[in-house]
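Sharing a structure, written as structure tokens. Questions coming.
The values are calculated or read from the model by the stated rules, or taken from the named source; none is laboratory data. In this text the structure is predicted, and so the values were computed from the model without any measurement. Cβ sites come from the backbone with ideal geometry, for glycine too, and all protein chains shown count toward neighbours. What goes into the accessible areas is simple: the full protein's heavy atoms, side chains included, and nothing from ligands, DNA or RNA. Shrake-Rupley method; radii C 1.70, N 1.55, O 1.52, S 1.80 Å.
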Amino acid sequence: MLTIQEWLLLAGVCALGAMTPGASLAMVLHHTLHGSARAGVRTALAHALGIGVYAAATVAGLAVVLHRFPSLETGIRLAGSLFLLWMAWKTWHQAGAAADHGPASNGARPARDGFLIAFLNPKVALFFLALFSQFIDAGMGTLARVQVAATAVVIDGGWYSLVALTLARGPVLAALRRHQGRVERASAIVLAVIAVIVWV
């Protein structure tokens, strides 16, 4: 197990990573605005699951595989960019539309989008490689490895769930919906820009 000092350092870096604005925040905002707090939380928890896949795989050595087979990383990155561009296009065209409270916003779509926005981003694996290399050594036990990966998952899911619940509060959500067109277009631009800069 990590010492309390090591764990606090790990948790702090994971929190900073989660709080950095980007495509994930745009996706949580999109589903909260078009659905509800529940839709936003579903997006957040599914995003944490996608993060968990990379965190667990990185702990198990996936980053080594990605470095050994660059075409695999390129394929995942291409799929991620195409997904971001598709979401940007959809978001732009939904700008100004009435919020959708139906099954599409509160069903499986938020979970799917939340998971894919994390899973189709190989830079997550590289982030965890850089981060976990400071805490993991060859002799580390399984329980400690689980602790490291679980910390990333819990912090990510907790942060984005908190964002969704905060955004869904009456005055905040009302303000977002009053400016829905601008919010959606800004989100679409963020998604499109990120889709491009992952290749820079």
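What are the residues in the stretch 1-52 that are over 17 Å from residue 126 (Cα atoms), open to solvent by 30 Å² or more (accessible area, probe 1.4 Å), outside any helix (DSSP H, G or I) and out of contact with any His (no Cβ under 9 Å at 6 or more places or on another chain), if any?
1, 3, 21
Next question. Can you pull out every residue in the stretch 53-76 that is of a type in the set (Ser, Thr, Tyr), modelled with pLDDT of 80 or more and surrounded by fewer than 24 Cβ atoms within 10 Å (Cβ to Cβ)?
Once the filter is applied, which keeps residues that are of a type in the set (Ser, Thr, Tyr), modelled with pLDDT of 80 or more and surrounded by fewer than 24 Cβ atoms within 10 Å (Cβ to Cβ), the stretch 53-76 yields only 71.
Would you point out the residue of the stretch 98-117, among those that are at pLDDT below 70, part of a helix (DSSP H, G or I) and small (Gly, Ala, Ser), that is surrounded by the fewest Cβ atoms within 10 Å (Cβ to Cβ)?
104
Now for a separate question. Considering (1) under 19 Å from the mean Cα position of the chain (by Cα); (2) under 26 Å from residue 4 (Cβ atoms); (3) open to solvent by less than 40 Å² (accessible area, probe 1.4 Å); (4) of a type in the set (A, V, I, L, M, F, W, C), say which one residue 144 fails and leave the rest.
(1)
Go through the stretch 120-143 and give me each residue that's more than 16 Å from residue 26 (Cβ to Cβ) and at pLDDT 85 or above.
143
Quick one: how many residues across the stretch 166-191 are open to solvent by 30 Å² or more (accessible area, probe 1.4 Å) and under 16 Å from the mean Cα position of the chain (by Cα)?
1
From (1) open to solvent by 20 Å² or more (accessible area, probe 1.4 Å); (2) touching a Phe, Trp or Tyr at 6+ places or on another chain (Cβ under 9 Å), pick out the condition that doesn't hold for residue 149.
For residue 149, the exception is condition (1).
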